[in-house]
Amino acid sequence: MNQDGRPDPDALLHAISREEQRSQSATLKVFLGMSAGVGKTYAMLRTAQDRLKEGVNVVVGVVETHGRSDTKNLAETLPFVPRKKIDYKGVVIEEMDLDAILELKPKLVLVDELAHTNAPGSRHQKRYQDVLEILAAGIDVYTTINVQHLESRKDLVEQITGVPIRETVPDSILERATQIALIDITPNDLLRRLKEGKVYLGERAERAAQNFFKPNSLTALREIALRVTAERVDQELQQFTDLKQTPGPWQTNERLLVAVSHSPYSERVIRATRRLAYNLEAPWIAVHVDTGVTLSDEDQAQLTKNIALARELKAEVVTTTDTDVPSALRRIARQKNVTQIVVGRPAQRFFRDFIEGGSLLDRLVREIGEIDVHVIRQDSDPKRRLQLLPKIEHFSSPINYWNALWYLFGISFFNAILEPWIGYRAVGFIFLVGVLGVGLFSTIGPTLFVAVISSLIWDYFFIPPKMTFIITESADAILIVIYLLAAVVTGYLTSRIRSHERTLREREDRTNALFEVSQDIAGSHNKVEFLSKINSRVGRLLDGQCGVVLASQEGKLIVGEYKPYSPKPELSEKEQAVAVWAFQAGRPAGWSTDTLAEAKSLYVPLKAPDETVGVLVYQPRTKRKLNLEQENILYSIASQLAVSLERHFFEKRLQQSERLKESEKIHQTLLNSISHEMRTPLTAIMGTATALDDEKNSKNPSYVRALAEQLQEASDRLNRVIENLLDMSRLNSGVFALQLEWHDVADLVGVTINKLGKNLGLHKVEIDMPKDLPLVKMDFRLLEHALANLLLNAAAYSPAKTTIRISAMRVATTMCVSVEDQGPGIPENLMDKVFEKFFRVPGTPTGGVGLGLSIVKNIAEIHKGSVQVENRPQGGAKFTVALPLTEAPPGPKEER
């Protein structure tokens with residue numbers, strides 16, 4: 001509720017939304033027990049029978065009877081869905097048929113043993129995942145689970161029983177449940193059932209009695225089950241009070257709240273509250289109310305120390321902003337369903353207590369009658385000072401008092417002009433308006449200063465007898481006293497309104513800062529961009545310099561490498577050591593902390609849910625420590641940064657994983673292609689060698705020549721495969737050095753055709769080149785390899801006895817060498833892929849690794865040229881290699 005007793009709209013909206021979601025979704029009822037054998041399955045079946053009698057469509061998805069006759073007989077009275085049989089390594093395993101249940105779509109389905117692990121080959125790994133899918137389909141579910149299978153209780157149960165727990169379900173399942181039914185029996189009754197064979201049979205029962213089923217272990221498990229159920233009931237009660245907005249709190253479970261301030265006596269109050277909470281076994285909350293008062297460095301340090309003590313003692317720390325402390329405590333107490341409030345003994349402040357309607361203790365006792373209030377005494381009584389006026393905080397600098405004094409002189413001069421017409425008594429009202437004006441635009445110090453000085457000026461210069469402080473008429477004396485009280489009270493109230501306004505504005509600024517940080521993260525394309533923005537924004541907001549040091553993929557902090565978002569100035573070796581300590585320990589360190597406090601900067605670890613991704617570095621421009629709200633902003637921004645950076649790292653790792661998968665596919669393809677391409681010529685070589693080893697064949701010269709030709713062809717094919725692989729490896733390494741020299745294109749074409757020889761088969765090669773082509777600066781061996789790949793590609797994909805045409809021509813500053821074939825051409829949608837590594841046009845004859853055209857492209861590009869492909873109008877494909885032309889050196893002079 002709000003401080004005026006009305007419902008909190010945010011809490012009410014959240015509760016209504018949660019209730020609507022529950023009403024619109026399928027219900028989940030969990031039968032919870034401390035261990036096997038307490039009767040969870042039997043209770044679930046009995047409840048299902050009652051629902052069946054009510055006309056509800058109930059089916060049994062899966063029920064494990066474990067040989068218990070009474071459970072088996074009860075299960076047979078209910079309709080069931082036949083189980084699905086899964087064959088795993090020759091063993092047939094029966095599992096719940098999820099698809100059959102979804103197709104049948106009953107109103108209610110029974111699913112026993114929620115923590116069960118499904119057989120390999122099932123849709124989901126865990127049975128609870130099947131239940132979630134059933135619920136998503138709008139089908140209600142009854143299920144059973146033992147307390148040891150809850151993820152949050154696993155370690156505790158293993159410690160108690162000494163038995164490892166292999167199957168667990170997340171606690172969110174219980175949060176999803178609409179009802180939790182605790183099936184409870186005493187440990188003695190459970191042991192008796194075990195001896196009677198109603199839990200396990202045979203040797204399994206003996207092993208259970210020796211290990212898990214021990215009286216002390218069962219008692220501890222029973223307590224855990226009861227606590228889990230009590231926590232759930234407590235959550236439902238809290239949700240109910242939020243929705244119904246009861247005047248609460250209902251004292252069903254003790255909750256303590258302690259008010260924490262910058263007073264040194266707060267430490268004793270915090271420790272006392274911790275003792276009370278421990279004795280009551282109750283949670284407790286430490287609340288600090290920021291009233292907008294600027295604290296001195298000493299007070300701020302004490303407040304930070306008090307808050308740190310509360311956190312160290314495992315309190316839930318809540319900070320809120322409000323100008324009225326009792327109202328804030330009342331609001332937090334009702335939101336958290338607090339039953340007891342602990343405060344220290346308040347100091348007496350007559351004036352402020354009179355204005356505010358009593359001290360903090362008086363107002364808490366009067367306004368929160370349903371909550372007990374504890375007052376903690378101090379070890380030694382503090383020196384009491386009667387504070388007639390509130391303590392004036394040093395918000396204002398001397399210039400503010402100086403300006404207020406001149407403002408007052410101006411009003412006095414104005415009153416001196418009007419006094420002959422309005423009278424000296426009316427002048428007091430103008431002074432009062434002036435005091436109100438100061439209160440609207442300044443703090444309480446200058447306001448009270450103007451109130452007191454204006455009363456003295458009015459008395460001395462305007463009230464008869466003038467130029468003296470003596471007042472002859474009793475009415476004037478009463479008037480001046482009333483004026484002084486009215487000026488002080490109205491000035492104080494006006495300054496409180498201004499303080500409240502300032503507090504709201506600061507709260508709005510903090511909210512806007514967090515919103516802008518979220519926008520920076522959401523609107524940036526990479527981490528460098530949003531980190532730079534956030535560093536700049538935080539530096540302006542907290543008056544300092546900010547930077548981020550990120551962790552490497554190996555989980556180590558990179559402190560020596562400078563990046564755009566790194567701290568400025570760069571960190572010294574000592575500062576780097578502090579950053580590494582904060583990163584490894586997961587705790588803030590450095591300036592304004594108790595750890596390595598001599599450091600110049602504050603180091604906040606960026607702790608994400610799964611890992612620590614770096615350190616946020618904040619270096620202040622002044623020595624003044626951050627107040628609690630500023631620390632909260634810094635830590636909130638650090639939390640947002642950590643989550644965003646972890647998401648960025650996850651995306652990067654996912655991309656790397658995808659690249660590794662793609663690389664693995666490429667390697668597998670390469671391995672398959674190479675094995676095929678090498679096996680064919682190697683098989684031919686081995687067969688030829690075997691044939692040559694036969695004495696009968698060696699006597700036939702013509703047969704030997706034919707074998708030699710086959711051996712040569714196989715060797716050439718194997719050589720081309722190896723050359724392509726080696727060239728691709730060298731080209732991809734990025735360290736390949738070109739041997740550039742001036743050569744004639746005609747020589748390149750002639751040498752390439754002669755070397756290929758019979759590899760072009762029965763194809764006719766036609767050459768079309770002008771005689772006056774200029775020289776080209778090239779790596780002759782590489783371009784010979786590229787041209788050979790184009791010719792072999794044309795021969796491989798063209799019908800036999802067709803013509804392969806080679807042409808060359810100069811186009812501006814480019815030499816274009818083209819190879820045309822009369823094959824089927826290339827599909828238009830695959831034009832951009834033919835130069836990719838290991839790509840082969842679907843449907844083409846087998847053979848080749850798919851590297852030839854990719855090598856041609858790489859060779860052309862390292863010559864600062866390009867290669868293009870197009871389909872000829874008359875059929876076939878045309879590949880064109882374009883090489884840049886530069887001015888050739890002059891040739892040798894001819895002798896006359």
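Restricting attention to segment 225-281, which residues are among the β-branched types (Val, Ile, Thr) and modelled with pLDDT under 65?
Thr241, Thr246, Thr252
Please find, within segment 808-828, the residue that is modelled with the highest pLDDT out of those that are within 14 Å of Lys764 (Cα to Cα) and not in a strand (DSSP E or B). Write out each step before concluding.
At the first step, the residues of segment 808-828 found to be within 14 Å of Lys764 (Cα to Cα) are 819-823.
Of the ones still in play, those that are also not in a strand (DSSP E or B) are 821-823.
Numbers: Asp821: 90, Gln822: 86, Gly823: 85.
Among those residues, the one meeting the criterion is Asp821.
Can you name the residue in segment 302-327 that is over 32 Å from the mean Cα position of the chain (by Cα) and of a type outside the set (S, T, N, Q) and is also modelled with the lowest pLDDT among such residues?
Of the residues in segment 302-327, the ones over 32 Å from the mean Cα position of the chain (by Cα) are 302, 323-327.
Those still in the list that are of a type outside the set (S, T, N, Q) too: 324-326.
On the way: Asp324: 77, Val325: 82, Pro326: 83.
Among residues in segment 302-327 that are over 32 Å from the mean Cα position of the chain (by Cα) and of a type outside the set (S, T, N, Q), the one modelled with the lowest pLDDT is Asp324.
Identify the residue in segment 808-824 that is closer than 19 Å to Asp744 by Cα and either polar (S, T, N, Q) or under 55 Å from the mean Cα position of the chain (by Cα) (or both) and, among all such residues, is least open to solvent (accessible area, probe 1.4 Å). First the steps, then the outcome.
The first filter runs over segment 808-824 and keeps only residues closer than 19 Å to Asp744 by Cα, leaving 808-819.
Retained after the next criterion (residues that are either polar (S, T, N, Q) or under 55 Å from the mean Cα position of the chain (by Cα) (or both)): 813-814, 816, 818.
On the way: Thr813: 92, Thr814: 39, Cys816: 26, Ser818: 8 Å².
Applying the filter and picking the extreme gives Ser818.
Just the residues that are outside any helix (DSSP H, G or I), touching a strand residue (DSSP E or B) at 6+ places or on another chain (Cβ under 9 Å) and open to solvent by 20 Å² or more (accessible area, probe 1.4 Å), please, taken from segment 83-109.
At the first step, the residues of segment 83-109 found to be outside any helix (DSSP H, G or I) are 83-97, 105-109.
Now restrict to residues that are touching a strand residue (DSSP E or B) at 6+ places or on another chain (Cβ under 9 Å): 83-87, 92-97, 106-109.
Across segment 83-109, the qualifying residues are Arg83, Lys84, Lys85, Ile86, Asp87, Val92, Ile93, Glu94, Asp97, Lys107.
Which pairs do you get when a residue that is within 15 Å of Tyr635 (Cα to Cα) and assigned to a loop (DSSP other than H, G, I, E, B), found in segment 578-599, comes within reach of a residue that is modelled with pLDDT of 80 or more and open to solvent by 50 Å² or more (accessible area, probe 1.4 Å), reach meaning Cβ atoms under 6 angstrom, with the pair 6+ apart or on two chains?
Close Cβ pairs satisfying both conditions: Gly586/Lys607.
How do the helices (runs of 4 or more DSSP H) wholly within segment 122-191 filter down when requiring 3 or more residues that are β-branched (Val, Ile, Thr) and touching a residue at least 24 places away in the same chain (Cβ under 8 Å): which remain?
154-161
Among the residues of segment 791-807 satisfying the criterion of being in a strand (DSSP E or B), surrounded by fewer than 21 Cβ atoms within 10 Å (Cβ to Cβ) and not charged (D, E, K, R), which is modelled with the highest pLDDT? Give the steps one after another, and end with the answer.
Start the filter on segment 791-807 by keeping residues that are in a strand (DSSP E or B), which leaves 803-807.
Within this subset, residues satisfying the condition of being surrounded by fewer than 21 Cβ atoms within 10 Å (Cβ to Cβ) are 803, 805, 807.
Restricting the remaining residues to those that are not charged (D, E, K, R) gives 803, 807.
Working: Thr803: 88, Ser807: 91.
Filtering first and then ranking leaves Ser807.
Mind telling me which of the residues Ala115, Ala119 ends up being assigned to a loop (DSSP other than H, G, I, E, B) and closer than 30 Å to Lys195 by Cβ?
Details: Ala119 fails: closer than 30 Å to Lys195 by Cβ.
Going through Ala115, Ala119 in turn, just one is assigned to a loop (DSSP other than H, G, I, E, B) and closer than 30 Å to Lys195 by Cβ: Ala115.
Can you tell me which residue among Thr880, Thr844, Thr886 is among the hydroxyl-bearing types (Ser, Thr, Tyr), part of a loop (DSSP other than H, G, I, E, B) and modelled with pLDDT of 80 or more? Don't jump to the end; show me each part of the working.
Working: Thr880 fails: part of a loop (DSSP other than H, G, I, E, B); Thr844 fails: modelled with pLDDT of 80 or more.
One residue alone meets the criteria, Thr886.
Name the pairs: first residue in segment 861-887 and on the phi > 0 side of the Ramachandran plot, second residue surrounded by fewer than 17 Cβ atoms within 10 Å (Cβ to Cβ), Cβ to Cβ under 6 Å, at least 6 apart or on different chains?
Lys864/Pro884
If the requirement is being open to solvent by 30 Å² or more (accessible area, probe 1.4 Å) and over 19 Å from Ile376 (Cβ atoms), which of these qualifies: Glu298, Glu312, Glu254? Steps first, answer last, please.
Numbers: Glu312 fails: over 19 Å from Ile376 (Cβ atoms); Glu254 fails: over 19 Å from Ile376 (Cβ atoms).
Selected residue: Glu298, the only one of Glu298, Glu312, Glu254 that is open to solvent by 30 Å² or more (accessible area, probe 1.4 Å) and over 19 Å from Ile376 (Cβ atoms).
Residues being of a type outside the set (Val, Ile, Thr), within 34 Å of the chain's Cα centre (by Cα) and not in a helix (DSSP H, G or I): count how many of those fall in segment 259-275.
2
All but one of (1) open to solvent by less than 20 Å² (accessible area, probe 1.4 Å); (2) within 29 Å of Gln49 (Cα to Cα) hold for Val157; state the number of the condition that does not hold.
With respect to (1) open to solvent by less than 20 Å² (accessible area, probe 1.4 Å); (2) within 29 Å of Gln49 (Cα to Cα), Val157 is out only on (2).
Scan segment 512-541 residue by residue and report those that are farther than 24 Å from Thr622 by Cα, open to solvent by 70 Å² or more (accessible area, probe 1.4 Å) and either at pLDDT 70 or above or over 19 Å from the mean Cα position of the chain (by Cα) (or both).
Phe515, Glu516, Gln519 - these are the residues of segment 512-541 that are farther than 24 Å from Thr622 by Cα, open to solvent by 70 Å² or more (accessible area, probe 1.4 Å) and either at pLDDT 70 or above or over 19 Å from the mean Cα position of the chain (by Cα) (or both).
For segment 188-211, does any single residue satisfy the condition of being open to solvent by less than 20 Å² (accessible area, probe 1.4 Å), more than 30 Å from Asn73 (Cα to Cα) and at pLDDT 70 or above? Outline the logic, then answer.
The first filter runs over segment 188-211 and keeps only residues open to solvent by less than 20 Å² (accessible area, probe 1.4 Å), leaving 190, 194, 199, 205, 208.
Filter once more, keeping what is more than 30 Å from Asn73 (Cα to Cα): none.
There is no residue in segment 188-211 that is open to solvent by less than 20 Å² (accessible area, probe 1.4 Å), more than 30 Å from Asn73 (Cα to Cα) and at pLDDT 70 or above.
Filter segment 764-790 down to the residues that are at pLDDT 85 or above, surrounded by fewer than 19 Cβ atoms within 10 Å (Cβ to Cβ) and either under 11 Å from Ala808 (Cα atoms) or not charged (D, E, K, R) (or both) and list them by number.
Val765, Ile767, Asp768, Met769, Pro770, Leu773, Pro774, Leu775, Phe780
Residues checked against (1) of a type in the set (A, V, I, L, M, F, W, C); (2) outside any helix (DSSP H, G or I):
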site: Phe449; (1), (2): yes, no
site: Asp459; (1), (2): no, no
site: Lys466; (1), (2): no, yes
site: Ala477; (1), (2): yes, no
site: Tyr483; (1), (2): no, no
site: Val488; (1), (2): yes, no
site: Ser499; (1), (2): no, no
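Sort out which residues of segment 586-625 are under 22 Å from Glu554 (Cα atoms) and open to solvent by 50 Å² or more (accessible area, probe 1.4 Å), and write them in order of number.
Arg587, Lys607, Pro609, Asp610, Glu611
The values are calculated or read from the model by the stated rules, or taken from the named source; none is laboratory data. Keep in mind that this is a model prediction, so the values were computed, not measured. In this analysis, Cβ positions are derived from the backbone assuming ideal geometry, glycine residues included, and neighbour counts consider all displayed protein chains. Surface accessibility is based on the protein's heavy atoms, side chains included, excluding ligands, DNA and RNA. Shrake-Rupley method; radii C 1.70, N 1.55, O 1.52, S 1.80 Å.
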